[in-house]
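Since the structure comes first, as structure tokens, the remarks are kept for the end.
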Amino acid sequence: MIARRLLAPTPGWRRETDVVVVGSGVAGVTTVLAVRHALPTARILLATKSVLDDGSTRWAQGGIAAALGPGDTPEQHLQDTLTAGAGICDERAVRALVTDGPGAVQRLIELGASFDREPSGPLSLTREGGHLRRRIAHAGGDATGAEISRALLAALAEAGQSAELEVIEHALAIDLLQTADGRAAGITLHVLGEGQRDGVGAVHARAVVLATGGFGQVYSATTNPPVSTGDGLALAMRAGAEAADLEFVQFHPTVLWLGPSSRGRQPLISEAVRGEGAVLIDAAGRRFMTGQHPLADLAPRDVVAKAIMRELLTSGTDHVYLDGRHLGPAEWTRRFPTILASCRAHGIDPVTEPIPVVPAAHYVSGGIRTDLHGRTSVPGLYACGEVACTGVHGANRLASNSLLEGLVFAERIAVALGRGLPPAADPAPDARPARLVDPAALGPLQQLMTADAGVLRSGPGLARAAAGLAELGLQDCDKPDADAWQVTNLHLIATALVSSALAREETRGSHWREDFASTVDAWRGHLIVSVGQSGLTSVYEPVLGGQS
Ligand SMILES: Cc1cc2nc3c(=O)[nH]c(=O)nc-3n(C[C@H](O)[C@H](O)[C@H](O)COP(=O)(O)OP(=O)(O)OC[C@H]3O[C@@H](n4cnc5c(N)ncnc54)[C@H](O)[C@@H]3O)c2cc1C
């Protein structure tokens, strides 16, 4: 059974605002700054469940893609994005991304973000898999996300707290408040340690913007931080919002293997390391990518991830190695200082030894379905960043398009809100019962998702995952704390993801079916999932016309 509402206790405090933004990554903070610009007198409340810079944004390494270099055009960026998306991108959304992208990066620079530059002055642009041009701007070598986060949070701090802008950390959004006719009217928050606002409270707002990031924590191996539990997606679905493309999860082929029982965020070894000549080898030193793809170690991410998983299955080992010793100490320090430091912090020195690596969940292409201005199917509810499915990524994200998507679509939400906020309305009292999954289900849930709904998928494996999830869902919990809410959210998302992955009997983009190895034209479309009174419902929507 799927709970439609999680709010158990009666809210102990109440707050009125105009716009509530949930999440403080690139998407959430950009939304706040852009809405302030569009509506200078509007009251904005930003709620985030940990400290401000906790989220995927600060961990982004490679960079941010935009047609900024000589000879590059938004049209070329569009073509590369459509190719990566394997036939199901929304071309209008991609066009918005690539057209607005250069300006959005420029505004970030004007805000104070410092990107790496050539000695002669222009931005230093690199290339990543799938891009036919050098168009990835980066900062601090491989610390792009940290610099973007720093610049955005500095601008937020400069805006200062006032009657028009309030920021609450350690505030976990639980559920959407809705009017009797289903419109978003605010959010319930569980705040830890905020004095008078400690505990569960209600924020009434005219518009709600979800910028809560991805759900990598649904898997046992992930590059995402612990806050990536898909809360925004789950609460939107419980409120009746449509979700799309949940089966398309991008796995990064190379994260640092930290041992058999590692959990949570695992350090990423960027594909730029392979771009600089590092190669994948097995325990005997054999290069196993040779002959598997014309580009060998630089094959697309999903091809490399799949090859590694096969290697692990046939060899019975739990990791392979990435050998970048040829780079030498100077190049490692200059080009990959963050990766070098995080490997060394875990006792591995890439200068002198191969790095143990495994594939891990990295990025979610699907999410809450939105239009070109972040509107969801629930009036008054908006979403941007990784939690949203704007249609930009289709079946597979082109590298470095996600930070850009967060910027561009946050700004587009501000444009929509700037044209007029929805009228204020009281939320309807909610009598539906709360039902939470026991936090003890987390480990088994992550293990079964990695084993049966991860890189390699098949009908029998996915059916096994669905049965396992149904059983874990029976483990009720009557203590409504943050852990229980987050595990309940992960359980809903895992169930929806598995149902879509089982239904999609083909291989497309990042969705690989061992039992349906080809891409099937009849499956060129989207699975739209939502929660109704009787549980999950799924509708298939073919893509009409456009590129195949
Ligand atoms: C290791 C790594 C490397 C990456 N490298 C790149 C790259 O080079 N280029 C690129 O384009 N992309 C990259 N990505 C992807 C990119 O970083 C993310 O897609 C992007 O930063 C997402 O931004 P966001 O604002 O949507 O979410 P996040 O940055 O994840 O922020 C989500 C926010 O929501 C908050 N939150 C979550 N749930 C709740 C709740 N219930 N209540 C209140 N607050 C909540 C979190 O605390 C956080 O503040 C990388 C990702 C990772 C993990």
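So here's what we get for this one:
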| read-out | value |
| --- | --- |
| Hits in segment 108-128 - residues which are more than 12 Å from the ligand (Cβ to nearest atom), touching a residue at least 24 places away in the same chain (Cβ under 8 Å) and surrounded by 15 or more Cβ atoms within 10 Å (Cβ to Cβ) | Leu108, Leu111, Ala113, Phe115, Asp116, Leu123, Leu125, Arg127 |
| Listing of strands (runs of 3 or more DSSP E) fully contained in segment 1-62 that carry 2 or more residues being touching a helix residue (DSSP H, G or I) at 6+ places or on another chain (Cβ under 6 Å) and either modelled with pLDDT of 95 or more or surrounded by fewer than 19 Cβ atoms within 10 Å (Cβ to Cβ) (or both) | 19-22, 44-47 |
| Among the residues listed as Ser538, Ser534, Ser518, Ser530, the single one being polar (S, T, N, Q) and at pLDDT below 95 | Ser534 |
| Any hit, segment 75-94, residues being surrounded by fewer than 18 Cβ atoms within 10 Å (Cβ to Cβ) and in contact with a Lys or Arg (Cβ under 7 Å, 6 or more places away or on another chain) | yes |
| Criterion violated by Gln161 - all others in (1) of a type outside the set (Val, Ile, Thr); (2) over 20 Å from Ala211 (Cβ atoms); (3) surrounded by fewer than 20 Cβ atoms within 10 Å (Cβ to Cβ) satisfied | (2) |
| Single condition Thr223 does not satisfy, out of (1) modelled with pLDDT under 95; (2) touching a Cys at 6+ places or on another chain (Cβ under 7 Å) | (2) |
| Matching residues, segment 117-174, being among the basic types (Lys, Arg) and within 20 Å of the chain's Cα centre (by Cα) | Arg150 |
| Identity of the residue in segment 63-74, of a type outside the set (A, V, I, L, M) and closer than 22 Å to Gly141 by Cβ, that ends up surrounded by the most Cβ atoms within 10 Å (Cβ to Cβ) | Gly63 |
| Criterion: crowded, with 18+ Cβ neighbours inside 10 Å and of a type in the set (Asp, Glu) - qualifying residue of Glu147, Glu169 | Glu147 |
| Residues of segment 193-220 satisfying the condition of being assigned to a loop (DSSP other than H, G, I, E, B), of a type outside the set (Lys, Arg) and either at pLDDT 90 or above or buried (at least 24 other Cβ atoms within 10 Å of the Cβ) (or both) | Ala205, Ala211, Thr212, Gly213, Gly214, Phe215, Tyr219 |
| Per-region count, segment 400-440, residues away from the ligand (no atom under 16 Å from the Cβ), in a helix (DSSP H, G or I) and at pLDDT below 95 | 1 |
| Given (1) closer than 23 Å to Leu527 by Cα; (2) touching a strand residue (DSSP E or B) at 6+ places or on another chain (Cβ under 6 Å); (3) more than 12 Å from the ligand (Cβ to nearest atom), number of the condition Ala236 does not satisfy | (3) |
| Options Thr450, Thr537, Thr488, Thr495; residue that is of a type in the set (S, T, N, Q), farther than 25 Å from Arg397 by Cβ and either touching a helix residue (DSSP H, G or I) at 6+ places or on another chain (Cβ under 7 Å) or assigned to a helix (DSSP H, G or I) (or both) | Thr488 |
| Residue match in segment 478-499 (condition: of a type outside the set (Ser, Thr, Tyr), away from the ligand (no atom under 16 Å from the Cβ) and over 30 Å from Val303 (Cα atoms)) | yes |
| Condition met for Asp72 (within 16 Å of the ligand (Cβ to nearest atom) and acidic (Asp, Glu)) | no |
| Extreme residue, nearest to the chain's Cα centre (by Cα), among residues of segment 373-383 that are over 18 Å from Ile493 (Cβ atoms) and not in a strand (DSSP E or B) | Gly374 |
| Checking Ala341 against (1) crowded, with 20+ Cβ neighbours inside 10 Å; (2) under 22 Å from Ala60 (Cβ atoms); (3) not aromatic (Phe, Trp, Tyr), the condition it does not meet | (1) |
| Pairs where the first residue, in segment 361-386, is more than 14 Å from Ala410 (Cα to Cα) and the second is assigned to a loop (DSSP other than H, G, I, E, B) and acidic (Asp, Glu), C-beta under 6 Å, 6+ apart | Ser365/Asp245; Gly366/Asp245; Arg369/Glu242; Ser377/Glu242 |
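The values are calculated or read from the model by the stated rules, or taken from the named source; none is laboratory data. Because the structure is a prediction, the values reported are computed rather than measured. In this analysis, Cβ positions are derived from the backbone assuming ideal geometry, glycine residues included, and neighbour counts consider all displayed protein chains.
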